[in-house]
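I have placed the structure first, in the form of structure tokens, so that the comments after it can refer back to it.
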């Protein structure tokens, strides 16, 4: 794992693995983000609690999304929809599942897996495994299967 200290933005106080990392330089509250979208707040809280089972998580709430961060951002709630949440996780490999609505490849070896979460039933063993792997990526300690630690 990378042990270098995180850089803290002097404008908003968020921490990042690299200096001047692109971000929405603001801090909102959960109340700000969910204004007018209260029914989805419980699902969001369940998603965050589910991710926190992996380890300590920093939650950054901005105008456009809520990111979950270990050292780096590993998951986010991108949008609140009428019936749930549009989310993504960051992995170092491509996973195929009908649950993913889109997979973006960011060369050389990064994959953003987008999915919709419509109820707590989606927080199952499969999602737990994906979040655990994404958390390891976010902590900068993920290693491919079969590699030495």
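Some notes on this structure:
- From least to most packed, judged by other beta carbons within 10 angstrom and beginning with the fewest, 61, 66 follow the order 61, 66.
- If you plug the beta carbon distance of residue 81 and residue 126 into 1/(1 + (r/R0)^6) with R0 = 25 Å, you get a FRET efficiency near 0.75.
- The chain, Rg to Rh (Cα coordinates; Rh as Kirkwood inverse mean 1/r): 0.95
- Helices in the chain, meaning DSSP H runs of at least 4 residues, each add -39500 (n - 2.57). Divided by all residues, the mean residue ellipticity at 222 nm is -6000 deg cm²/dmol.
- Averaged over residues, the count of other Cβ atoms within 10 Å places the peptides 81-93, 99-111 in the sequence 81-93, 99-111, highest first.
- Whole-Å distance, taken between Cα centres, linking segment 99-113 and segment 48-93: 15 Å
- Mean separation of Cα contacts under 8 Å (6+ apart) over length of the chain, as relative contact order %: 20 percent
No value in this document is a laboratory result; all are computed from the given coordinates. Just so it is clear, the model here is predicted, and its values are computed rather than measured. Ideal geometry is used to build each Cβ from the backbone, glycine not excepted, and the neighbour counts take in all protein chains shown.
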